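K.L.:
The structure's right below; bear with me while I get my questions together.
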Amino acid sequence: MVVKRYEKLFSPFKIGNVALRNRIVKTAAQTYFFDSGEHRISERAKAFYGACAKGGAGLIVVETPAMEWPLAEEGDRRFRIDDDKYIKDVSELTAAIHKHGCPAFVQFYHRGPWGGVYHTIAPRVAASAVTLKSEFDVHEDDPPHVLTIDEIEELIERYAGYAVRVSQAGFDGLEINAGADHLLHTFLSRFWNKRDDQYGPQTMENRTRFILNIVREIKKRVGEDFPIQILMNGIEIGAGEEGFTMEEARTVAKMLEAAGVDSLHVRSHWCGMHQGSYLHDCLFYPEPHIPIEDFPKELDWSRGGALANVPLAVMIKKRVV
Ligand SMILES: Cc1cc2nc3c(=O)[nH]c(=O)nc-3n(C[C@H](O)[C@H](O)[C@H](O)COP(=O)(O)O)c2cc1C
């Protein structure tokens with residue numbers, strides 16, 4: 001029996017043609033339960049994601065594969081999909097989820113200007129050479145490498161190639177992480193984007209060009225009916241006048257929808273305080289990190305942090321279908 005107030009949560013839903021038995025989504029938090037080396041789809045990863053499916057989730061978004069390849073091998077516990085030879089292993093993971101009647105998406109998340117959890121040999125990259133000094137975020141003092149147009153095009157190709165392979169491995173859809181201060185957000189935000197080319201901050205067409213080209217290329221290669229969900233910031237806090245505003249987020253949402261994006265996952269982002277972006281409760285414990293009066297008024301603090309982002313989702317939902 002479903003308690004009345006949770007009726008909607010337990011009602012079916014659809015993302016594109018993918019049917020969800022309910023609206024509980026396991027988000028793409030990194031577990032690092034994979035093995036390093038050639039065969040990364042570990043028994044532990046299959047058991048974990050299989051258990052989430054068995055537990056009744058409506059959708060599982062599996063954590064990202066390594067997007068910044070080539071990386072130093074040592075210690076990297078993300079799975080690989082940069083070659084066809086990995087498809088077979090990865091299909092064991094999707095089978096472990098499907099077995100329990102749950103669809104599986106996967107997130108593609110390129111760290112961009114973030115320093116690695118591992119000592120990666122891939123350089124930190126971004127739209128521009130902006131640095132962020134913070135005791136909370138995984139940024140470093142030296143500026144990230146500014147992507148050239150050729151490198152952007154190579155990345156579009158990489159995202160599309162990876163998308164083809166994950167669909168062949170049985171994933172039902174894809175979530176592209178354009179939130180936080182990861183690679184794709186650095187193009188959307190005037191704080192991060194100081195370019196003077198066709199990917200620069202001068203127009204919204206320019207700022208969204210990278211992500212929209214990725215979406216179009218994937219739709220072209222994998223098919224219109226392979227759902228793409230975009231994880232985006234509904235607001236960027238703490239970046240001053242140049243921070244990504246709610247109005248900008250609305251415009252971007254509309255453009256993503258027009259390009260065929262099937263679903264949006266909206267977050268807030270606190271520049272220099274990544275944890276605060278999505279774990280609002282942790283802002284309050286053991287005590288607030290910043291004075292309560294400085295908390296952004298756009299969010300809802302009435303429940304001590306829980307559901308603080310709901311106003312952002314409401315605002316986007318009003319703009320898109
Ligand atoms: C250790 C850890 C790693 C995470 N990694 C990711 C990630 O790679 N991609 C992502 O979109 N979210 C990531 N998240 C955020 C979660 O997906 C989720 O948004 C967050 O935990 C808030 O949801 P909750 O309140 O249901 O826990 C991570 C969270 C944690 C705690």
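K.L.:
Mind counting the residues in the range 287-321 that are among the β-branched types (Val, Ile, Thr) and either crowded, with 18+ Cβ neighbours inside 10 Å or more than 20 Å from the chain's Cα centre (by Cα) (or both)?
P.N.:
Within the range 287-321, the first condition is being among the β-branched types (Val, Ile, Thr), and the residues that meet it are 290, 292, 310, 314, 316, 320-321.
Among the residues that remain, those that are also either crowded, with 18+ Cβ neighbours inside 10 Å or more than 20 Å from the chain's Cα centre (by Cα) (or both) are: 290, 292, 316, 321.
Summing the residues that are among the β-branched types (Val, Ile, Thr) and either crowded, with 18+ Cβ neighbours inside 10 Å or more than 20 Å from the chain's Cα centre (by Cα) (or both) in the range 287-321 gives 4.
K.L.:
Going by what's in this entry, would Gly223 be described as under 25 Å from Ser268 (Cβ atoms) and among the small types (Gly, Ala, Ser)? Steps first, answer last, please.
P.N.:
Details: under 25 Å from Ser268 (Cβ atoms): no; among the small types (Gly, Ala, Ser): yes.
Against the criterion (under 25 Å from Ser268 (Cβ atoms) and among the small types (Gly, Ala, Ser)), Gly223 does not qualify.
K.L.:
What number of residues within the range 74-94 satisfy the criterion of being of a type in the set (Asp, Glu) and within 24 Å of Leu147 (Cβ to Cβ)? Outline the logic, then answer.
P.N.:
Of the residues in the range 74-94, the ones of a type in the set (Asp, Glu) are 74, 76, 82-84, 89, 92.
Adding the requirement that they be within 24 Å of Leu147 (Cβ to Cβ) leaves 76, 82-83.
Number satisfying all stated conditions: 3.
K.L.:
For Ala51, which of the numbered conditions (1) free of Cβ contacts under 8 Å to residues at least 24 places away in the same chain; (2) under 21 Å from Trp114 (Cα atoms); (3) hydrophobic (A, V, I, L, M, F, W, C) fails to hold?
P.N.:
All conditions pass for Ala51, except number (2).
K.L.:
Has the range 103-113 got at least one residue that is without any contact (Cβ under 8 Å) to a residue 24 or more places away in the chain, within 30 Å of His185 (Cα to Cα) and surrounded by 13 or more Cβ atoms within 10 Å (Cβ to Cβ)?
P.N.:
Looking through the range 103-113, none of the residues is without any contact (Cβ under 8 Å) to a residue 24 or more places away in the chain, within 30 Å of His185 (Cα to Cα) and surrounded by 13 or more Cβ atoms within 10 Å (Cβ to Cβ).
K.L.:
I'm trying to understand the selection: among the residues of the range 51-83, which are at negative phi and surrounded by fewer than 16 Cβ atoms within 10 Å (Cβ to Cβ)? Working first, answer last.
P.N.:
So in the range 51-83, the residues at negative phi come out as 51-55, 57-74, 76-83.
Ala51, Lys54, Gly55, Pro70, Ala72, Glu73, Glu74, Asp82, Asp83, listed by residue number.
Here is a yes/no grid of residues against (1) touching a strand residue (DSSP E or B) at 6+ places or on another chain (Cβ under 8 Å); (2) among the aliphatic types (A, V, I, L, M); (3) over 27 Å from Ile87 (Cα atoms); (4) at pLDDT below 85:
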site	(1), (2), (3), (4)
Pro103	yes, no, no, no
Val106	yes, yes, no, no
Gly112	yes, no, no, no
Gly116	no, no, no, yes
Phe136	no, no, yes, yes
Pro144	yes, no, yes, no
Glu151	yes, no, no, no
Ala160	no, yes, no, no
Ala163	yes, yes, no, no
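K.L.:
Hey, another quick one. So is Arg267 basic (Lys, Arg) and either at pLDDT 95 or above or more than 15 Å from the chain's Cα centre (by Cα) (or both) or not? Working first, answer last.
P.N.:
Working: basic (Lys, Arg): yes; either at pLDDT 95 or above or more than 15 Å from the chain's Cα centre (by Cα) (or both): no.
Answer is no for this residue.
K.L.:
Let me ask something else about it. State whether one or more residues within the range 84-91 are surrounded by 20 or more Cβ atoms within 10 Å (Cβ to Cβ), within 16 Å of the ligand (Cβ to nearest atom) and under 21 Å from the mean Cα position of the chain (by Cα).
P.N.:
No, that holds for no residue.
K.L.:
Still on this structure, please answer the following. Return the residues of the range 50-81 that are within 15 Å of the ligand (Cβ to nearest atom), over 14 Å from the mean Cα position of the chain (by Cα) and not in a loop (DSSP other than H, G, I, E, B); say none if nothing qualifies. Write out each step before concluding.
P.N.:
The initial filter retains those residues of the range 50-81 that are within 15 Å of the ligand (Cβ to nearest atom), namely 52, 55, 57-68, 76-79.
Restricting the remaining residues to those that are over 14 Å from the mean Cα position of the chain (by Cα) gives 52, 55, 57-59, 68, 76-79.
Hits for the range 50-81 are Cys52, Leu59.
The values are calculated or read from the model by the stated rules, or taken from the named source; none is laboratory data. None of these values were measured; they are calculated from a predicted model. Please note: Cβ atoms are built from the backbone with ideal geometry, for glycine as well, and neighbour counts cover all protein chains shown.
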